[in-house]
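Comments concern the structure below.
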Amino acid sequence: MWGAGGFRGDEMKMLKSILLAGGALLACAAVAQAADLPTKKGAPVAPPNCYATFWTWLDSSAADCPLSYWGITFYGQVDVGGGYETNAARFNNAYPQGVQQLVSKQSHGGTWQGVPNGLSQSNIGVKWKEQIVPDWFFIGDVNFGFDLYSLQFANGPRSLEENNNLAQINQSANGDSSRAYGLINSRAYAGFSNTTLGSLTYGRHYAFSTDNDNLYDPFGGAYDFSLIGNSSTLGGGLGDTELARFNDSIRYLYADHNVRVGVLSQVGGWSAGNNSQYAVQGDVGFDWQGFSVDGVYSWAKDAVALSAWNALPPAPIAATTLKATIENVEGGQIAAKYKWDRFTAFGGWQIERLSDPSDLPAGVVTRDFNGGYLATYGTGSSATGGQGGFGAAGAFPVPKVLNLFWAGGRYAVLPNVDLAGAFYHVHQNDYLGTTEVAGVTCAANAKSAGGGYAPQGSASSKCAGNEDAVSGMVDWRPYKRLDVYGGVMVSKVTGGLANGFFVSSNVSTTAGLRFSF
C-alpha cells in the first residue's frame, strides 16, 4: 500500500514529472491514432474523424474519442477557476477542495481567491479492459487527484498536519479526507468482468454511496455547488469522510437488464492500511423508463476521523500528532432521479448513526492512520488528549444521528447549456447526554457573536443543529471537452453544528473552466 508519508518530501517533483509524462503520453496517443494505429489489439481500423484536427478532437467527448490503445485508456480532467466568498478560508495546497466553499470553522472575512477543482477534482488516470477469452475481460483503473495551482497531490490529512497547533483564526482551509496515498488517492483496483456475471475487483474502491452521491446529485458532486460533493462526512462517507473510499477491499457488482446488485467488503483492519477495523456496504438499484434508484446499507467498526489541534497538544503528545476519533458508523442511503425530455429531477435521503467504538482501549494510544499520519486516541481525559476529552464515555454519550435530504434539478436550455439547482438540509440530533461538562445543557444556551470573530452556535457541538445549502449554476460547453461554468452556493449552520464557528453563513461565488480528455 502506498503511504502518504512516503510522498511528502518529493510530492511536487513527482507530480511535475507525472504531468510531463502524462502530456507526452497524451501527445503520443493522439499521434498514434492519427497514424492509423489500431485501437484494439490485432484489429487495425481507420482513424476516427475526431482526430482530423485539434478542434474536431476538442469537440468530441472523451467517451466517443478516448485516448486508447490496446485496451488501455489514458484520461483525466483539469479544473481551474476563481471566485469571491463573503466568509472565506485561505487556500491550502493539499486540501482536495483547495478552499472551503461551505461555511467552516476557519471561515471569516470576505475575499477573492483562486478556486481549483470547482466542478470536479483535477485528476489523471489510466484504465484498461482487455479481453482474455470470449465474454471475459481483465479490467482495472488507477487514478489520482491533484491541485493544478500548487501541483500537489490531493491530501486531506496533510492539510490537517499543516494546520496542526495553529490557532483557529490563523488556519487555512483544512479537513480530513479519504484522499491520501499519493498516486492512488482516488482509486486503484484490478480484476475481471464477464458480460453476464458482472465484475469482481480488488484494491482501493469508491464506496457505493460515493458513486451514488455523484450520480444522483444535480451537480455531479461538484465541490463548489454540492454539499454532498464538498463534504464526504455528510455525503459518500455516510458519517465519516474516510469511509468514502475502501482501501484494501473486494468489490462485486452485477449490472445487467437495468438491475444493479453490489457488495463491497474491506479486507483486514488498520494494520492493512484501512481506515477502519472492518467495513462493508451493499447496493441495490434499477432503471425503468427514465427513472433510476439506488439504495445502500453501510456498516463500519472502529472507523477513524482525524482532526487538527487548535493549540499545542498536551504532553506527552508530540507537536506533529493529530487527534483521532474512533467510532462505529452505520448508514443508509436511498437516491433517485427521473429524466423527462430536457429536464432531470434528483433527490435523496441519508441517515448516519455514529456511536462509541467496539474496541476503544483504556488510556491514550498513538499510531499511524490514513497513509502514515500519527494521531492519538483513547479514553483519557481532555488533559491527556483522550477520545473527545470526555473520559471513558468516549465521544458519543448517546449515538449521534445525522439526517441528510437533498432535492434539485438540471435543465438543458440548449444542447450545450445546462442550468442546475439544488437544496440540501442536514439535521443533527442532541447527543450530549449527561457526561460532558457539568452545567452544560442544550436548552437556551446559544452563543452570539461578540466583537471581532467570537465563537457562536450552541455551547456544545453535541447539541441539535442544522446545516443548509442552496446552489445554482450554469454550465456551458462550447466544445464537448470544455466546460465553462459559474454559480453560487449559500450555506448556513445553526445550533450544535455551528459550535466554535466564527460565522454561521457563507456565500460562495465561483466561475471556472474544466477540460476533459
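The numbers here are math on the coordinates, done by the rules we state, and not lab data. Model, not experiment: these values are computed from the prediction. Here Cβ is always computed from backbone atoms with ideal geometry, including for glycine, and neighbour counts include all displayed protein chains.
Values computed for the structure shown
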read-out	value
Loop-located trypsin sites (Lys or Arg not before Pro) in segment 289-342, at most 13 other Cβ atoms within 10 Å (DSSP)	342
Residue-count net charge about residue 114 - beta-carbon cut-off 13 Å; Lys, Arg +1, Asp, Glu -1	-3
Whole-Å distance, taken between Cα centres, linking segment 108-141 and segment 182-210	13 Å
Centroid-to-centroid separation of segment 490-506 and segment 454-478 [C-alpha atoms, Å]	7 Å
Vicinal HN-Hα couplings computed from phi for segment 128-143 (Karplus, 6.51 cos²θ - 1.76 cosθ + 1.60; Hz; Gly/Pro x)	8, 8, 10, 6, 9, 9, x, 6, 10, 9, 8, 10, x, 7, 10, 8
Links that overshoot a 29 Å alpha carbon limit, given the list 323/492; 127/323; 105/400; 339/480; 301/323; 127/400	127/323; 127/400
